[in-house]
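The values are calculated or read from the model by the stated rules, or taken from the named source; none is laboratory data. Note that the coordinates shown come from a computational prediction; the quantities given were computed from them, not determined experimentally. Cβ placement follows ideal geometry from the backbone for every residue including glycine, while neighbour counts extend to all protein chains displayed.
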Amino acid sequence: MPRLSAQTVAALPPLEQVLYDVIHRAVRDAIRDATAQPTASPPVARESGLRRRTVAEAAEQSRRSRETVLTALQIGELHGHQRVKGGKWLIKPECIEAWMSGNGEDCCGQGESTPAARVSAGARRSLR
């Protein structure tokens, strides 16, 4: 599509100037897209429901404080995972739901093999 001179475009009525500019941009973009090198597709994001939660996200979801969630993780009442000792906690969404409903053993099959078995019932009640 030949580009008109600035004087020719300026001589066009306003509506025709707008139409010319729109058509020119559309054709230019189509040519650019057709000749562009293909790029690598972006990585597929994991579905948010499957992503593990941080302590802050778990606290927000359960409507409890971060300290309560962290304590529950440390005593084993809430099941979570750390890649290294003292590292960031990651918690499966189903474990948060099970902890909130009081069925912590039902989330990932850890059962009473966690440190929660050694914590008194009074300490567990204080977390709720």
Working only within segment 71-95, note down all residues that are hydrophobic (A, V, I, L, M, F, W, C) and within 21 Å of the chain's Cα centre (by Cα).
Trp89, Leu90, Ile91, Cys95
Test: Gly76 is modelled with pLDDT under 90, under 18 Å from Met100 (Cα atoms) and surrounded by fewer than 17 Cβ atoms within 10 Å (Cβ to Cβ):
no
